[in-house]
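The values are calculated or read from the model by the stated rules, or taken from the named source; none is laboratory data. As the structure is a computational prediction, the values presented were derived from the model and not from experiment. Don't worry about glycine lacking a Cβ; one is built from the backbone with ideal geometry, like all the others, and counts go over all protein chains shown.
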Amino acid sequence: MNKRKIVLLSVALAAAISLSSCGGATGQNSGQAAGQNSGQNSGQTTAAGQTTAAADASSSAAATSSPKQPAAPAASPSASAAPSASPPAAKPTATGSPDAAAGLASFTFPDGHLSFAYPKDWKVRVVKSGPAADAPNAPDAVDPVQAVLADQTGNELLVITSGAYGGGASGPVLRTVLDAAPVPGLMDTAGEQLDFGFAFDSFAGHPEFHMGIRRSRDFEPDPENSGSSQVNLPHGIMETRVVFGTPAFASIDSATAWMATEQYRQLKRLMLSLKYS
């Protein structure tokens, strides 16, 4: 009987020791796991907090700062003196000529209708002549004005009359046309084109060189008549006359040779520039 109690007590004691050992290990493992998990979770939470804080700080900075403007291009060392994309306009001359770069000045008659361009080193002398004595029936508004052009030496070369009143005569002629070209800015009151021309006439045994502006038909190869140097414009008669000496040229060949000179080119360019407005 005593032996059985001792065995039972021994078994009970061994079971208690075994349970105690298991319980301690379990608690220790549980504590270690809890500590590790707690430490890991704590570390993860801290890192996330840092990341979130950084993100929040970045978002806050982005929200409070103004939008970034594009950087201006770097200026070149000579940016202040660099020319613009288009060249600067030429300064107008004293006469306000748009042809200053070509060495030309401009002239407009006092009534504002007739104008032309001429070499800027030439001189223009204005003469108001009044109605011709042989035109007593001229309208009151007629106020003829002459522009007398002289070259840089003072030699008078061309007379242009604007706003005159009267008429011209014509007749049969033998005409040799040396040069002719339409004047872009001129037509007469009948709508007929006006031309610049240089020609030689043999009229009733009287040879004559003439250079000026007439109707186109007057510079055809075989004109029916001499025509007239006076042409009708809305404001009155215009007449152009190159001042030739007597005789003007010894022959047609010498006249043709003169056409190759700068003086001839200047006179032709001047008359081709005439326009009415």
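What the table shows:
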read-out	value
Residue check, S202 farther than 26 Å from K120 by Cα, over 42 Å from the mean Cα position of the chain (by Cα) and assigned to a strand (DSSP E or B)	yes
Residues that are surrounded by fewer than 19 Cβ atoms within 10 Å (Cβ to Cβ) and in a strand (DSSP E or B), drawn from region 172-186	L174, T176, V177, L178, D179, A180, A181, P182, P184, G185
Any hit, region 201-222, residues being surrounded by fewer than 16 Cβ atoms within 10 Å (Cβ to Cβ), farther than 27 Å from S106 by Cα and at pLDDT 95 or above	no
Residues of region 233-273 that turn out to be at pLDDT 95 or above and among the β-branched types (V, I, T), as a count	5
Filtered residue count, region 223-262, keeping only those that are surrounded by 13 or more Cβ atoms within 10 Å (Cβ to Cβ) and of a type in the set (S, T, N, Q)	8
Residues located in region 227-242, provided they are in contact with a strand residue (DSSP E or B) (Cβ under 6 Å, 6 or more places away or on another chain), assigned to a loop (DSSP other than H, G, I, E, B) and either over 17 Å from L178 (Cα atoms) or polar (S, T, N, Q) (or both)	S229, H235
Number of the condition not met by T189 [criteria: (1) surrounded by fewer than 16 Cβ atoms within 10 Å (Cβ to Cβ); (2) touching a His at 6+ places or on another chain (Cβ under 9 Å); (3) polar (S, T, N, Q)]	(2)
